[in-house]
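Heads up, the thing below is written out as structure tokens.
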Amino acid sequence: MNRSERQGAIRRLVREQAVSTQSELAAALHAAGHDVVQTTVSRDIRELGLVKVRDASGRLVYALPEDARPRDIGASLRRVALRIESSGNLVLVTTPSGFASALCEEIDRAGHPKILGTVAGENTILIVAREGVTGRELRDELRAHLLEGAA
């Protein structure tokens, strides 16, 4: 099997089933009849630009960049944000331990026009507002997402 065929198989696999690790992807390729080693899988993941997203069960799984489209961040904020605070042109979002990176990725993919960039820790996200946007303004907008759907 050549590189193009192998990467085509990887594209099909990550679209058809939840694959969380390189080992799971290698095992799925083996089950589909493709002989691969871990280093090849790692290189293919990088070349394809696979990203990790949360599936419906909340598990982090591989996805193709084109399938990891921006979503409304409101649902994600409601699901994991514990606190949203601001200072100057900065907003700090606190999450349960281990959730900040995935939420940060969703915020980045959403391409919010008022957000210049983000940095994630284990349980915090630092959001930098664009020039002319205050942290308070952005904080209030993000907090409003927490209340959506509340009666």
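Just so it is clear, none of the values below were taken in a lab; they were calculated from the coordinates. The model shown is predicted, which means the values in this text are computed figures rather than measured ones. Note: ideal-geometry Cβ built from the backbone for every residue, glycine included; neighbour counts use all protein chains shown.
Some notes on this structure:
- Theoretical FRET efficiency, 1/(1+(r/R0)^6), r = Cβ-Cβ of M1 and D55, R0 35 Å, to 0.05: 0.80
- Values of log10 I(q)/I(0) for region 3-67 across q = 0.18, 0.23, 0.25 Å⁻¹ run -0.57, -0.94, -1.11, by the Debye formula with one identical scatterer at each alpha carbon and no solvent.
- Cα pair count fraction exceeding 21 Å, expressed as % - region 73-147: 11 percent
- Of the GluC sites (Glu not before Pro) in region 91-151, those whose Cβ has at most 13 other Cβ within 10 Å and which sit in DSSP loop: E122, E131, E148
- Normalised Debye scattering of the chain at q = 0.15, 0.18, 0.20 Å⁻¹ gives log10 I(q)/I(0) of -0.80, -0.99, -1.13, counting only Cα atoms as equal scatterers and leaving out solvent.
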